[in-house]
Amino acid sequence: MNNYLGVCLGLILIIFCLLGCSTSNYGHFEKLPDMNVARARHKSFLMKDGRVLLFGGDGSVRYRDGWRFVGERALKTAEIYDPKTNSFTMTKGFSQIRYAFNSIMLDDGRVLITGGQRKGTKALKQAEIYDPISDTLTQIPDMNFTRRSHSNIKLKDGKILIFGGWSGRVGEKGNKYVKKAELYDPIQNKFEILPEYLNLKYSREIIGSCILNDSKVFIVKDLNKEEQAELFDPITKQFTVLDKKLSNKSKKHYNDYYLYKTILLENDKIVLFGRNRNQVSQFDIYDYKTNTIQRVGSSSIKNRIGGSLVKLDENNILISNSSAWGFMSPYNVGRPEIFNTDTLKFHKLPGMIYGNIGVSSIRLKDGRVLITGGHGKSSKYLKVSEMFIPKDYIKEKK
């Protein structure tokens, strides 16, 4: 009898292993070595040589700033993932600890780091540039305005548009959104103030932006109150408000619509990913050329909120590492799926290895997606990492 039970348990374990390692028509997830430092909400950049730079984020010592917890200690450490050796190596980090900063890779491969906040301080003007090749950090002239949780985007001429964000400290009276935008010129190494009348109309915290074919910048934010996007014209340096409403409150499922992320497709169509008042993830597609919105519908995963979105190719977007609302609190959803922008259908994938919240996800040059860090149900920050392996990649390597 004991032998029979043992055989049955063994078969069950084999079945579970096969299910866990199964590959769908789109791909599967594989475990990678751990990072050197546990981190969440960190930045990641694909370097020109194919390696990935990961830095900043939150660490492990929790503290309160103003009226809320700001994270688990902002980190100044950095490391590099090498796909060829499948390993993480520590490198030089920031000159000082900061959180709620922003960063962007310049055309020459260096990384511009701006603003943010240190514990107990107001927002910062400070800026610096990190060179991952020489592993050096260089202080540059300050921005013109203090900013935390701000946005930036690289224009087609290589300049960086910096806009939005907060002007002060979390919970501070008089802490306001920053309407004033500025441009960083890497050649001149200076920040240029835009004229007062050319600034953002909506100074809310920016959610997403992308460069359109005509070089204009499409900018959106939380759409609960103001439901319109703005355009920035790099020629006239003016912001204009689009007359198209990006939510549809006439429909039940679009009341109290919050936008999380945007994904630009090649034909000037923009995928808008948000949630409605019922805590359900919604997908719409905005067509910039025709100024129309196509209502796609909700994710196939019930109660999915937020999440990591990575564009795999022109037709497929990987959705992973999200949360959902359970009884009185959110919980992790390690159930990934693919959204096909051509058929407008969602396809479930085999489960993730970890499925944490607050991860950093980035597509490598070979098409795989590196997913690092985050935190689980215990809110403990983790060193773990995993890789999404597309089916096409597997066929290529066989």
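The values are calculated or read from the model by the stated rules, or taken from the named source; none is laboratory data. Small disclaimer: the values here were computed from a predicted structure and weren't measured. We place every Cβ from the backbone using ideal geometry, glycine too, and count neighbours over all the protein chains shown.
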Legend entry - The one condition in (1) surrounded by fewer than 18 Cβ atoms within 10 Å (Cβ to Cβ); (2) at pLDDT below 80; (3) not in a strand (DSSP E or B) that Ile301 fails to fulfil: (1)
Inset, instruction - State which residue pairs qualify: first residue over 13 Å from Thr236 (Cα atoms) and inside region 211-222, second residue of a type in the set (Phe, Trp, Tyr) and in a loop (DSSP other than H, G, I, E, B) in any location, beta carbons under 7 Å apart, and separation of 6 or more residues or different chains. - result: Leu212/Tyr288; Phe218/Tyr288; Lys221/Tyr202
Legend entry - Residue within region 114-129 that is over 30 Å from Asn213 (Cβ atoms), in a loop (DSSP other than H, G, I, E, B) and at pLDDT 95 or above present: no
Inset, instruction - May I ask you to list the residues in region 321-338 that are modelled with pLDDT of 90 or more and assigned to a strand (DSSP E or B)? - result: Glu337, Ile338
Legend entry - Condition met for Asn356 (at pLDDT below 95, touching a Pro at 6+ places or on another chain (Cβ under 9 Å) and surrounded by 20 or more Cβ atoms within 10 Å (Cβ to Cβ)): no
Inset, instruction - Identify all residues within region 372-398 that are modelled with pLDDT under 90 and not in a loop (DSSP other than H, G, I, E, B); write none if there are none. - result: His375, Tyr381, Lys391, Asp392, Tyr393, Ile394, Lys395, Glu396, Lys397
Inset, instruction - Restrict the check to region 21-30 and report whether at least one residue is at pLDDT below 50 and hydrophobic (A, V, I, L, M, F, W, C). - result: yes
Legend entry - Failed condition for Ser203, given (1) assigned to a loop (DSSP other than H, G, I, E, B); (2) under 22 Å from the mean Cα position of the chain (by Cα); (3) modelled with pLDDT of 75 or more: (3)
Inset, instruction - Kindly check whether there is at least one residue in region 359-371 that is β-branched (Val, Ile, Thr), at pLDDT 85 or above, in contact with a Ser or Thr (Cβ under 7 Å, 6 or more places away or on another chain) and in a loop (DSSP other than H, G, I, E, B). - result: yes
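Against the condition more than 23 Å from Asn199 (Cβ to Cβ) and part of a strand (DSSP E or B), how does Phe88 come out, does it pass?
Values: more than 23 Å from Asn199 (Cβ to Cβ): yes; part of a strand (DSSP E or B): yes.
In short, yes.
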Legend entry - Extreme residue, surrounded by the fewest Cβ atoms within 10 Å (Cβ to Cβ), among residues of region 119-147 that are of a type in the set (D, E, K, R) and closer than 26 Å to Ile80 by Cβ: Asp135
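Considering region 279-293 alone, what residues qualify as being surrounded by fewer than 17 Cβ atoms within 10 Å (Cβ to Cβ) and modelled with pLDDT of 90 or more? Talk me through it step by step, then tell me what you get.
Taking region 279-293 first, the residues surrounded by fewer than 17 Cβ atoms within 10 Å (Cβ to Cβ) are 279, 287, 289-292.
Within region 279-293, Asp287, Lys289, Thr290, Asn291, Thr292 meet the criteria.
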Legend entry - Candidate set from region 224-267 (those that are modelled with pLDDT of 90 or more and either of a type in the set (A, V, I, L, M) or within 20 Å of the chain's Cα centre (by Cα) (or both)); member that is farthest from Leu194 (Cα to Cα): Leu265
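Listed here are the residues, each with its yes/no results for (1) acidic (Asp, Glu); (2) modelled with pLDDT of 95 or more; (3) surrounded by fewer than 18 Cβ atoms within 10 Å (Cβ to Cβ); (4) in a strand (DSSP E or B).
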site: Asn3; (1), (2), (3), (4): no, no, yes, no
site: Leu11; (1), (2), (3), (4): no, no, yes, no
site: Asn36; (1), (2), (3), (4): no, yes, yes, no
site: Arg64; (1), (2), (3), (4): no, no, yes, yes
site: Ser95; (1), (2), (3), (4): no, no, yes, no
